[in-house]
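Asks: Below are the structure tokens for one structure; questions will follow.
The values are calculated or read from the model by the stated rules, or taken from the named source; none is laboratory data. It should be emphasised that the depicted structure is a prediction, and the values quoted were computed from it without experimental measurement. Positions of Cβ are backbone-derived with ideal geometry, glycine not excepted, and every protein chain shown enters the neighbour counts. Side chains included, ligands, DNA and RNA excluded: accessible areas come from the protein's heavy atoms. Shrake-Rupley method; radii C 1.70, N 1.55, O 1.52, S 1.80 Å.
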Amino acid sequence: MKTPPEIRIELQDTEWPLTYTDHDRQIARAIVVDDDGLYYFVRAMRDDEFGAVTLIETSGGGVEPGEAPDAAIRRELREELGAEVEILARIGVVSDYYNLIHRHNINHYFLCRALSFGNRHLTEDELDKYHLSTLKLDYEAAVEEYERRACTPLGRLIAYRELPVLKRAKVLLES
């Protein structure tokens, strides 16, 4: 069976007015699944310029200068989830904006299978400012959590970006 093509999605921030964009951020993100068909995400509880919100988001983060996105996702998953993974597929790229902080995000998404879990290596901000924790959900519960967290402007931006990626991951896993 032929693998579906990678997705390319261009999104705009419809929550905050665009004044200007002053930087691009290359980001590696992953839909992580285990052998039991459970999906792994991070929960963030933050209170900052985006407001006081609780969110679900794929694990991942910035690609360092000179680092390839596939190397970045392996590093980020070790740090945020404590996971060693096998990359099953590149899902694609989603371009979106956070007008409030004048940023353009270029999100490189991967589908990964968890091989093992160990200690997480979170930064001080991830622990104290964002209160990151791990969410382990089946597909339907993950979709419901994204929809439930879309009650805030940032939650809506994340859901618009990540629900199509989650749906594509399910298609890839079933093919």
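Asks: Which value, in Å² and to the nearest 10, is the accessible area of Tyr97 when all protein chains are kept and the probe is 1.4 Å?
Replies: 50 Å²
Asks: Excluding Gly37 itself, calculate the net charge of residues whose Cβ lies under 14 Å from the Cβ of Gly37, where each Lys or Arg counts +1 and each Asp or Glu counts -1.
Replies: -3
Asks: Hand me the GluC sites (Glu not before Pro) from region 1-87 located in a DSSP loop with no more than 16 other Cβ atoms within 10 Å, in residue order please.
Replies: For GluC sites (Glu not before Pro) across region 1-87 that sit outside H, G, I, E and B with at most 16 neighbouring Cβ atoms in 10 Å, the list reads Glu6, Glu49, Glu67.
Asks: Okay, moving on. Count neighbours as other Cβ atoms within 10 Å of each site's Cβ, and list the trypsin sites (Lys or Arg not before Pro) in region 55-121 that are DSSP loop with at most 12 such neighbours.
Replies: For trypsin sites (Lys or Arg not before Pro) across region 55-121 that sit outside H, G, I, E and B with at most 12 neighbouring Cβ atoms in 10 Å, the list is empty.
Asks: Once phi is turned into ³J(HN,Hα) by the Karplus curve 6.51 cos²θ - 1.76 cosθ + 1.60 with θ = phi - 60°, what whole-Hz value does each residue of region 5-19 show in order, with x for glycine and proline?
Replies: x, 5, 7, 9, 10, 10, 10, 10, 7, 9, 9, 10, x, 7, 9
Asks: How much area per residue is accessible in region 37-175 when the probe is 1.4 Å and only protein heavy atoms are counted (Å²)?
Replies: Accessible area per residue: 44 Å².
Asks: Counting only protein heavy atoms and a 1.4 Å probe, tell me what percentage of region 1-143's accessible area is made up of carbon and sulfur.
Replies: Looking at region 1-143 in its full context, I get 49 percent from C and S.
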